[in-house]
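Worksheet: the structure to be examined is printed underneath.
The values are calculated or read from the model by the stated rules, or taken from the named source; none is laboratory data. Please read these numbers as outputs of a predicted model, since none were measured by experiment. Positions of Cβ are backbone-derived with ideal geometry, glycine not excepted, and every protein chain shown enters the neighbour counts. Keep in mind that these areas ignore ligands, DNA and RNA; they rest on the heavy atoms of the full protein, side chains included. Shrake-Rupley method; radii C 1.70, N 1.55, O 1.52, S 1.80 Å.
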Number of protein chains: 2
Amino acid sequence: MRMRSLVLVLGIVLATIAVQAQATGKKYQGAKPKYVFYFIGDGMGLSQASVAEAYLGALEGKGEIKKLNYSQLPHQGFFTTYALNRFITGSAAAGTALATGHKTTINTISMDGAKQKPLTTVAEMARDRGFKVGIVSSVSIDHATPAAFYAHQPTRNMYYEISLDLSKSGFDYFGGGGFKKPDGDGKLDDKNSMANFGMDDEKELKDKEKNSKLVAKERGYRFVFSRTDFDNLKKGDKKIIAIAPELAGGKSLPYAIDQKPGENISLAEFTQKGIGLLNNTEGFFMMVEGGKIDWACHANDAATVIQEVVQFDNAVGVAMDFYRKHPEETLIIVAADHETGGMALGFSGKHYESEFALLQHQNVSYEAFTEKVKKYKKKHKGDYKKKDGLALVKKHFGLGDKSKGLELTAFEQKQLEKAFEKSIAYDKKMKSKDQFYQLYGSYDPLTVTACHILCQKAGIGWTSYSHTATPIPVRAIGVGGELFSGYMDNTDVAKRLIGLVKK
Amino acid sequence: MRMRSLVLVLGIVLATIAVQAQATGKKYQGAKPKYVFYFIGDGMGLSQASVAEAYLGALEGKGEIKKLNYSQLPHQGFFTTYALNRFITGSAAAGTALATGHKTTINTISMDGAKQKPLTTVAEMARDRGFKVGIVSSVSIDHATPAAFYAHQPTRNMYYEISLDLSKSGFDYFGGGGFKKPDGDGKLDDKNSMANFGMDDEKELKDKEKNSKLVAKERGYRFVFSRTDFDNLKKGDKKIIAIAPELAGGKSLPYAIDQKPGENISLAEFTQKGIGLLNNTEGFFMMVEGGKIDWACHANDAATVIQEVVQFDNAVGVAMDFYRKHPEETLIIVAADHETGGMALGFSGKHYESEFALLQHQNVSYEAFTEKVKKYKKKHKGDYKKKDGLALVKKHFGLGDKSKGLELTAFEQKQLEKAFEKSIAYDKKMKSKDQFYQLYGSYDPLTVTACHILCQKAGIGWTSYSHTATPIPVRAIGVGGELFSGYMDNTDVAKRLIGLVKK
């Protein structure tokens, strides 16, 4: 007993020395991990995790939170996110910082701020030391965050060039959403490019710049599109691009709230498959992005955010299972690129009250609901009725349903009716007016108003349809995890990780 | 060099053991601090610190932040704040949690949730082990947060009973704002009770319940009201209540933004004086509250919040100076009771831009500005002119001044004019309407609209006039500081601290 006390005291003293060494820029000399998971929740600030925990707790009816996997990791810090040329960052600059340890300009993908020099990423360093490398995302695999780990391009919109960089990387596994623009014809191939892409139509592409998926095949990659093929992937399979458009519905995984259980491949399954493919005695590095938390936050849609956070956290859970089997060799980091929406667990009209469980009455994402509004509009342009808009909102958000505790005030009903009129009459000119933008952003007015009112009744407020500069929590467990404590910059997260990954 | 590496590796390993011991609920066996500073920023969430850092950075024009003292402390964690009977806490329940390690009900001061049993506070434990104890606050010293450290009352509004508990505590030093209700006559003594209180008017109080300041005197306390007496306080002076109403302007210290430099005693000076009075070979415990961060957040007044945060941080700076002289014996914790206002570093109408430096053009607090509106209203009730309202806003917020980069859009000008009309016509009935409340809370409409518009132009958004349930950062440095890492509950903060303070 006394011996243990002495050991602990000595531990504290030496840990203090270690922390001081770190603070003064001295090199970390501890053990290094062999298996590295780098989770990035796009748009996931402190509030996004907390709302999910408050909601899960509220469903259990105890007035307490139910903790996510990742919020329980023992080492926690915060970091600032500003880009070189803007205080509120974007996913490209933030992804570059988290991947390379360097600040860059908005929209730049792992190049310096002047867009001249490529910056080596931690994933490339992992590859170069002999680790297997995997990149997983719930959005398209050429999107800014995943791209920042394998591509070097002056702008995130160069999707074709980014997709060429993907196969150039030589990484062992890509999983998640599809390619946005595999063709080099200068047009953004936005609709079902993957679904329409057959494996035998090379001839059709003759006169175009070479399709980046063909290039990938030439470079030894195998594409996996179906659940059967995905399920059949096994240890030893090399250079896999599992972007599963058939199951995942195209460019990105469907929102968790819109998914039919078992039908789509989840982020957790992509992560689990990654472990199966990458696990080897030399080590691996896997980046996993929950990319649609951000999108749902842009739309101020809390119910969708929560399900995205939970899906992301399930993927962390898979890594935690692996960690428990290899605690002496594994590092898990959970970070985010920035917060989106200025989400808070409190809303003025609700004063000091919260009713998070009310969010369970929303049964579709903002995106799916907007499709329904569009469909109605197409059918009823000339003869729309206010009550139809309210009925739609009642069906999918529960708003106006007294039995669900979601009775509308006169003010709220007026807000919805007005928004519905705007939805029907919506045109581009409206967007330019600041009052219109503050109310609806660039979203369908009825959709965003329904999201707002349900959030408000739950006790959730939003300040923006864009990113914010509020610092981001980083959580870590495992070998070297203690380096991710304290207050740092997003570049410090990458620098510390690079110190652990680089040979 | 090699030896140092070994020491560091050993340190990390042993620190991991220590962290694991903590995570598995094993008792902390490390060294204990002799000097403990417990800073509590009322209403101070992650954003409040970040906005201050972004503002200070923006004034230097580098697009980077300028770090506060307290955000640089090496050990950082987050904690949840919910009360026993409400998810969004209040200062009494939160103060009780931070002082005793127990959850309680809203408005209860260091008693159990049923308001039956007193809960021993960490300050009382410190006293009982022979530490000298000090309590400092920028708001009245009987307010919920400081009271939670020395009083045990069923409700925070029992200011008279709380002030009796104050002198019963036997603590060595109280500094900051005055007593809200020293008289036991059943009336809340709201206006200048301290300023009117002479030291020789015991006779006037004969027929009342005994004035709590007289009780304090009988219990051996000495009141200090003037800067001269305050400056003359010296080591060895015992049982001091330095609530300085003459200099501090009554019940609470003036807002930093309204203070004239050197005229008022600052929170940092109260802290410095506390060190001078409490420092002794047996040890001390001092709680220092920045109480008006919360108040300014309730009013959504970012410029005032920033100056309050800086003033609070200056007090932390004083403790840091002490820590540097006694690093092996000192612990500093910086926490908060809850976030207020749902503040975020991003506003919808500003999209991805921020201009924090614009806040420098606000030259009074919301409170002082409201006084100006009231004065105008009194004088011009029948014949007010819109342009007068706009002129007042321009003078004190810079809004409408093109040369300051604060030109108003037509929409903003309309918002201000409408608010000014409401300010003039303001009555209680308006407050009940939810639309009115969402726009103005319970504040003067012109004041809060001016605060909102300036915040919006700076790129700051708010979601509430109340507290929120967004988790709170805790930062620590010094002996035992590593215990305040990770994700915990507000009661855990106190439990860990109690473990370090209790003999």
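Residue by residue, here is whether (1) in a helix (DSSP H, G or I); (2) without any contact (Cβ under 8 Å) to a residue 24 or more places away in the chain; (3) open to solvent by less than 10 Å² (accessible area, probe 1.4 Å) holds:
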residue: B:Ala303; (1), (2), (3): yes, no, yes
residue: B:Val309; (1), (2), (3): yes, no, yes
residue: B:Asp321; (1), (2), (3): yes, yes, no
residue: B:Leu358; (1), (2), (3): yes, no, no
residue: B:Val373; (1), (2), (3): yes, no, yes
residue: B:Lys378; (1), (2), (3): yes, yes, no
residue: B:Gly382; (1), (2), (3): no, yes, no
residue: B:Ser403; (1), (2), (3): yes, yes, no
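Summed over the range B:338-352, the residues that are within 7 Å of another protein chain (Cβ to nearest Cβ) and part of a loop (DSSP other than H, G, I, E, B) give a count of 6. Can you confirm whether A:Glu282 is within 14 Å of chain B (Cβ to nearest Cβ) and more than 22 Å from the chain's Cα centre (by Cα)? When the stated conditions are applied, A:Glu282 does not pass them. Scanning the range B:281-299 finds no residues that are of a type in the set (Ser, Thr, Tyr) and in contact (Cβ under 8 Å) with a residue 12 or more places away in the chain. Condition (residue is within 11 Å of chain B (Cβ to nearest Cβ) and closer than 24 Å to A:Tyr35 by Cβ) applied to the range A:78-100: is it met by at least one residue? There is at least one residue in the range A:78-100 that is within 11 Å of chain B (Cβ to nearest Cβ) and closer than 24 Å to A:Tyr35 by Cβ.
The single condition among (1) among the aliphatic types (A, V, I, L, M); (2) in contact (Cβ under 8 Å) with a residue 12 or more places away in the chain; (3) open to solvent by 30 Å² or more (accessible area, probe 1.4 Å); (4) more than 30 Å from A:Gln48 (Cα to Cα) that B:Ala391 does not meet is (2). Within the range B:25-54, the residues that satisfy the criterion of being closer than 30 Å to A:Tyr352 by Cβ, within 11 Å of chain A (Cβ to nearest Cβ) and among the hydroxyl-bearing types (Ser, Thr, Tyr) are B:Ser47, B:Ser50. The residues of the range B:484-503 that are more than 22 Å from A:Phe79 (Cβ to Cβ) and at the interface with chain A (Cβ under 10 Å from one of its Cβ atoms) amount to a single one, B:Asp489.
Listed conditions (1) under 22 Å from the mean Cα position of the chain (by Cα); (2) more than 7 Å from every other protein chain (Cβ to nearest Cβ); (3) crowded, with 23+ Cβ neighbours inside 10 Å; (4) within 29 Å of B:Thr463 (Cβ to Cβ) are all met by A:Ser442, apart from (3).
Rundown of residues vs (1) part of a helix (DSSP H, G or I); (2) surrounded by 22 or more Cβ atoms within 10 Å (Cβ to Cβ); (3) away from chain A (no Cβ under 11 Å), yes/no style:
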{"residue": "B:Glu407", "(1), (2), (3)": "no, no, yes"}
{"residue": "B:Gln415", "(1), (2), (3)": "yes, no, no"}
{"residue": "B:Ser423", "(1), (2), (3)": "yes, yes, yes"}
{"residue": "B:Cys451", "(1), (2), (3)": "yes, yes, yes"}
{"residue": "B:Lys457", "(1), (2), (3)": "yes, yes, yes"}
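Yes or no: B:Ala368 farther than 30 Å from B:Thr81 by Cα and buried (at least 20 other Cβ atoms within 10 Å of the Cβ)?
no
With respect to the conditions (1) touching a strand residue (DSSP E or B) at 6+ places or on another chain (Cβ under 7 Å); (2) within 12 Å of A:Met44 (Cβ to Cβ), A:Thr271 lacks only one, and its number is (2). Which of the residues that make up the range A:55-72 are open to solvent by less than 10 Å² (accessible area, probe 1.4 Å) and either within 8 Å of chain B (Cβ to nearest Cβ) or among the aromatic types (Phe, Trp, Tyr) (or both)? If the condition is that a residue be open to solvent by less than 10 Å² (accessible area, probe 1.4 Å) and either within 8 Å of chain B (Cβ to nearest Cβ) or among the aromatic types (Phe, Trp, Tyr) (or both), then A:Tyr70, A:Ser71 are the ones that fit. Residues that are touching an Asp or Glu at 6+ places or on another chain (Cβ under 9 Å) and on the phi > 0 side of the Ramachandran plot are absent from the range A:438-457. Does B:Ser137 satisfy the criteria of being open to solvent by less than 10 Å² (accessible area, probe 1.4 Å) and in a strand (DSSP E or B)? For B:Ser137, the condition - open to solvent by less than 10 Å² (accessible area, probe 1.4 Å) and in a strand (DSSP E or B) - is met.
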